[in-house]
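Student: Dropping a structure here in structure tokens format, bear with me for questions.
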Amino acid sequence: MPRLSPMTAIILAVAASGGALAFAVMPYGGPPDHLQVYAHSGAFFVISFLLAFGLPRRPWGGLVTAFILGLVIEGAQIFVPGRSASLGDLAANLAGILAGGLFYGAIKLAAARLRSSSA
């Protein structure tokens, strides 16, 4: 089974971030309002997990980077017709980031336990 390298994870995170930014600066036409929280948290779950995976010595740096990206995206929406910055969206981004970080931590812990039990 192929493994994901840290460099590949960073490349995928940059691509996902570019996609999130592209959708964020388009005039409104995204998911319905009741699905916005899932779109934000899901996107930032993926981005934060990939950034943490890509920075294995400093995974928290990936999570901080994802949060800064969320701030930039929300700030950019102020200038887009039909869009607006929202604390609710930022909270959904943060929830996704925290979930992505926890998922990364759980995978690292499981891998460490697997290695120690087979040694």
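The values are calculated or read from the model by the stated rules, or taken from the named source; none is laboratory data. The structure presented is a predicted model; accordingly, all values stated were derived computationally and were not measured. For neighbour counting, all protein chains shown are included, and Cβ atoms are generated from backbone atoms with ideal geometry for every residue, glycine included. For the accessible areas, the whole protein counts, side chains as well, though only heavy atoms, and no ligand, DNA or RNA atoms are used. Shrake-Rupley method; radii C 1.70, N 1.55, O 1.52, S 1.80 Å.
Quick grid of which residues meet (1) of a type in the set (S, T, N, Q); (2) open to solvent by 30 Å² or more (accessible area, probe 1.4 Å); (3) within 27 Å of Gly105 (Cβ to Cβ); (4) not in a helix (DSSP H, G or I):
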{"residue": "Pro31", "(1), (2), (3), (4)": "no, yes, no, yes"}
{"residue": "Leu35", "(1), (2), (3), (4)": "no, yes, no, no"}
{"residue": "Phe45", "(1), (2), (3), (4)": "no, yes, yes, no"}
{"residue": "Leu50", "(1), (2), (3), (4)": "no, no, yes, no"}
{"residue": "Trp60", "(1), (2), (3), (4)": "no, yes, yes, no"}
{"residue": "Val64", "(1), (2), (3), (4)": "no, yes, yes, no"}
{"residue": "Ile68", "(1), (2), (3), (4)": "no, yes, yes, no"}
{"residue": "Gln77", "(1), (2), (3), (4)": "yes, no, no, no"}
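Student: Can Gly96 be described as under 12 Å from the mean Cα position of the chain (by Cα) and either at pLDDT below 95 or part of a helix (DSSP H, G or I) (or both)?
Tutor: Numbers: under 12 Å from the mean Cα position of the chain (by Cα): yes; either at pLDDT below 95 or part of a helix (DSSP H, G or I) (or both): yes.
So Gly96 fits the description; yes.
Student: If you go through the stretch 69-90 one residue at a time, do you hit one that is more than 21 Å from Ala15 (Cα to Cα), β-branched (Val, Ile, Thr) and in contact with a Pro (Cβ under 9 Å, 6 or more places away or on another chain)?
Tutor: Here is the first cut: in the stretch 69-90, the ones more than 21 Å from Ala15 (Cα to Cα) are 78-88.
Then drop every residue that is not β-branched (Val, Ile, Thr), which leaves 78, 80.
Next, from what is left, pick out any that are in contact with a Pro (Cβ under 9 Å, 6 or more places away or on another chain): 80.
Looking for residues that are more than 21 Å from Ala15 (Cα to Cα), β-branched (Val, Ile, Thr) and in contact with a Pro (Cβ under 9 Å, 6 or more places away or on another chain), one finds at least one in the stretch 69-90, hence yes.
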